[in-house]
Amino acid sequence: MEEQRAWWKECVVYQIYPRSFQDSNGDGIGDLNGIRSRLDYLKDLGIDVIWLSPVYQSPGDDNGYDISDYKAVMDVFGTMEDFDCLLAEIHHRGMKLVMDLVVNHTSDEHAWFAESRRSRDNPYRDYYIWKEPVNEGPPNNWASRFRGPAWEYDGRTGMYYLHIYSKKQPDLNWENPRVRQEIYEMMTWWGNKGIDGFRMDVISMLSKDQRFPDGVLKEGNPYGDGLPYYANGPRIHAYLQEMNREVLSRFDWMTVGEGVGVGTREAVQYAGYESHELNMMFHFEHVELNPGPFGKWNDNPVCLRDLKKVLSRWQTELEGKAWNSLFWENHDYPRAVSRFGNDSPGFWELSAKMLAVCLYMMKGTPYIYQGQELGMTNFQGSSLEDFQDIEIHHVYREMVGSGRISHEEMMRYINHTGRDNARTPMQWDDTEQAGFTDGTPWLRVNPNHTWLNVKEQAGRSDSVLCFYKQLIKLRHTMDILVYGAYRLLLEESGAIFAYERSLGKERLTVLCNFTDRTQKSGLSVRELGAGTILIGNYPDRRGISQGDAVALCEEDICLRPYEAIVFMQ
Ligand code: NOJ
């Protein structure tokens, strides 16, 4: 079946984490005017859509994912006039802006919650989820996703409220139609301002199982896993269809939902072409492979066969039914080159480019997280003071504080998977604070900014940055890259990720070596059909017909360490 065209299928998205992108006033925190000053950089990169992580009024307990006023801008980021100006400048350059929508919870400093906690009969009481104590303790055993219990006792009314994240992020009660109407009105207000869509924070968690059953206990955690009772809950699709009717269908928007606990089956429900809910979902299966006994806190390597399996499953199971989103990084995950590639000096650049080819030649909308286009790497901290993230602080206190693991072991894990790896300031140049700020940055700049920065890469045609530009250009000019069907090749290989895309009579083949050794692919040029090389990360690959390295071993194409090649047949 021929895929329907849509602008959000053809665009390339760039995520900005505003605290860390560009500071304009020397307070060490990125801001809206800073972003405005970098729009030409994004346009030049080829970006179509900017996804802006939250800039709303917030006490900043979870860096803005705890909103105290949905219709105001947080002081450190600027003013609403600055926002309007930014939006106008983005549109002026022919780009679009997608905002973050955080409506599973608010801040405890939101006016609704201040009212809600006041008394049991306050008109806002049912905006949140309040429960009586059970056996003088919380209503059930659910864990917060930031560790500890998911319920907080409030002495004023003698009841508990639910907070799946920090206790300063109380969960909204979506069962209450007034809550839903308030949210739809707020979304419409932003729509009327002219934004171009929403990325929806933990959208799969809005509907809670109203029986609130205990979750399964896992070794080493005194709190139970409530995920099965709050992810993909009983009324989630009714809510999203209602949201679609009342708001989304009125705008020409792009919508992408954060799919905690979402597999391919669920994704087809949320983002199916017939679902009338969202355009696409983010899933996390590929970035959460190989967890250890402490879940995401590990330093395990990723097995390529598992990675291939997961990404291929998402490609094939959504084919013709729903649209994929493609991402390696965001503000919650470590840097891809450190996790899936190789950030040692000899291989950093090759593997950063290889990862870009591997993912962005697939079917779906590409999302690039700030700095990924440079191959920014993880940051190595040695003490808790090096980190700001609430999740890191909570987990450290719980795991090291209780003596379960040593400081050294925890640091290894934080340096491998912690969220602050992605949140270090954007590396614009080699000056003291990487051109991010004139002041003291809120989070330390990665010391490698002296050689890994925009200024150095912009002036070098074989840089990671220039490579990203080429890839984006290809996505913009070749329908096969957007709409072509996907087929995995070399399924059994533990070293090479290979696949084919096809559209009508066109076909292209992507070959990526995930190792630091030369690998024979077992594929011959003859088998793949005559053709040219569309893009590759080794400069000496020019085209099969020109008698270069590919032609020399055409009976068995050899891929050098971290080599990526795309053949067009
Ligand atoms: C997902 C966001 O991406 C993350 O940064 C945040 O901490 C949680 N949702 C809670 O809003």
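The values are calculated or read from the model by the stated rules, or taken from the named source; none is laboratory data. These figures come from a predicted structure and were not determined experimentally. Glycine gets a Cβ as well: all are built from the backbone with ideal geometry, and neighbour counts include every protein chain shown.
Tell me, please, whether a residue that is within 27 Å of the chain's Cα centre (by Cα) and part of a helix (DSSP H, G or I) can be found in segment 192-202. Yes.
Comparison of V76, V55, V98, V49 shows that the only residue that is closer than 16 Å to I16 by Cα, in contact with a Phe, Trp or Tyr (Cβ under 8 Å, 6 or more places away or on another chain) and either aromatic (F, W, Y) or away from the ligand (no atom under 16 Å from the Cβ) (or both) is V49.
Exactly one residue out of Y124, Y153, Y128, Y165 is within 26 Å of Q181 (Cα to Cα) and in contact with a Pro (Cβ under 8 Å, 6 or more places away or on another chain): that is Y128. When the test is whether a residue is touching a helix residue (DSSP H, G or I) at 6+ places or on another chain (Cβ under 9 Å) and part of a helix (DSSP H, G or I), R501 does not pass it.
Just wondering, is there one or more residues in segment 195-205 that are touching a Gly at 6+ places or on another chain (Cβ under 9 Å) and either more than 26 Å from F251 (Cβ to Cβ) or among the hydroxyl-bearing types (S, T, Y) (or both)? Checked segment 195-205: at least one residue is touching a Gly at 6+ places or on another chain (Cβ under 9 Å) and either more than 26 Å from F251 (Cβ to Cβ) or among the hydroxyl-bearing types (S, T, Y) (or both). Hey, V216 hits all of (1) crowded, with 16+ Cβ neighbours inside 10 Å; (2) more than 25 Å from Y56 (Cβ to Cβ) but one; which does it fall short on? Answer for V216: the failing condition is (1).
Does segment 92-107 contain any residue that is more than 25 Å from the chain's Cα centre (by Cα) and closer than 22 Å to D196 by Cβ? Yes, the conditions are met somewhere in segment 92-107.
Taking residues in segment 42-56 that are surrounded by fewer than 22 Cβ atoms within 10 Å (Cβ to Cβ), and partners anywhere that are aliphatic (A, V, I, L, M) and assigned to a helix (DSSP H, G or I), the pairs with Cβ atoms closer than 6 Å and at least 6 places apart or on different chains are G46/I472. The single condition from (1) more than 16 Å from the ligand (Cβ to nearest atom); (2) of a type outside the set (K, R); (3) at positive phi that G64 fails is (1). Out of the residues in segment 153-165 that are part of a strand (DSSP E or B) and crowded, with 21+ Cβ neighbours inside 10 Å, state the one that is farthest from the ligand (Cβ to nearest atom). Filtering segment 153-165 for residues that are part of a strand (DSSP E or B) and crowded, with 21+ Cβ neighbours inside 10 Å, the one farthest from the ligand (Cβ to nearest atom) comes out as Y160.
With respect to the conditions (1) away from the ligand (no atom under 16 Å from the Cβ); (2) part of a loop (DSSP other than H, G, I, E, B), I90 lacks only one, and its number is (2). Please verify whether segment 104-118 includes one or more residues that are in a strand (DSSP E or B) and hydroxyl-bearing (S, T, Y). No, segment 104-118 has no match at all. Only a single item in (1) among the basic types (K, R); (2) touching a Gly at 6+ places or on another chain (Cβ under 7 Å); (3) away from the ligand (no atom under 16 Å from the Cβ) is not met by K208, and it is number (3).
Would you mention how many residues in segment 29-46 are touching a Leu at 6+ places or on another chain (Cβ under 9 Å) and either modelled with pLDDT under 95 or in a loop (DSSP other than H, G, I, E, B) (or both)? Selection size over segment 29-46: 1.
Can you work out which of the residues in segment 127-152 that are exposed (fewer than 15 other Cβ atoms within 10 Å of the Cβ) and outside any loop (DSSP other than H, G, I, E, B) is nearest to the ligand (Cβ to nearest atom)? Result: K131. Residue pairs whose Cβ atoms lie under 7 Å apart, sitting 6 or more positions apart in sequence or on different chains, and linking a residue in segment 243-262 that is within 20 Å of G233 (Cβ to Cβ) and in a strand (DSSP E or B) to a partner that is away from the ligand (no atom under 16 Å from the Cβ) and among the polar types (S, T, N, Q), are T255/N279; V256/N279.
The rows are residues; the columns are (1) crowded, with 20+ Cβ neighbours inside 10 Å; (2) farther than 29 Å from V49 by Cα; (3) modelled with pLDDT under 95.
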position: D429; (1), (2), (3): no, no, no
position: T440; (1), (2), (3): no, yes, no
position: S463; (1), (2), (3): yes, no, no
position: Y486; (1), (2), (3): yes, no, no
position: C512; (1), (2), (3): yes, no, no
position: G531; (1), (2), (3): no, yes, yes
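In this structure, does K168 turn out to be in contact with a strand residue (DSSP E or B) (Cβ under 8 Å, 6 or more places away or on another chain), assigned to a loop (DSSP other than H, G, I, E, B), surrounded by 21 or more Cβ atoms within 10 Å (Cβ to Cβ) and not aliphatic (A, V, I, L, M)? Answer is no for this residue. Does F387 count as modelled with pLDDT of 95 or more, in contact with an Asp or Glu (Cβ under 7 Å, 6 or more places away or on another chain) and surrounded by 22 or more Cβ atoms within 10 Å (Cβ to Cβ)? Here the answer is yes, as F387 does meet what is asked.
Checking each residue of segment 101-123 against the condition of being away from the ligand (no atom under 15 Å from the Cβ) and under 26 Å from W328 (Cβ atoms) gives no match.
Residue check: F282 meets all listed conditions (1) farther than 26 Å from D332 by Cα; (2) within 16 Å of the ligand (Cβ to nearest atom) but one, namely (1). Of the residues R412, R404, the single one that is at pLDDT 95 or above and away from the ligand (no atom under 16 Å from the Cβ) is R412. Among the residues of segment 256-278, the ones that are more than 16 Å from the ligand (Cβ to nearest atom), within 23 Å of C358 (Cα to Cα) and either of a type in the set (D, E) or surrounded by 22 or more Cβ atoms within 10 Å (Cβ to Cβ) (or both) come to 1 in all.
Filter segment 434-454 for residues that are without any contact (Cβ under 8 Å) to a residue 60 or more places away in the chain and more than 25 Å from the chain's Cα centre (by Cα); which is farthest from V12 (Cα to Cα)? Across segment 434-454, the extreme among qualifying residues is T450.
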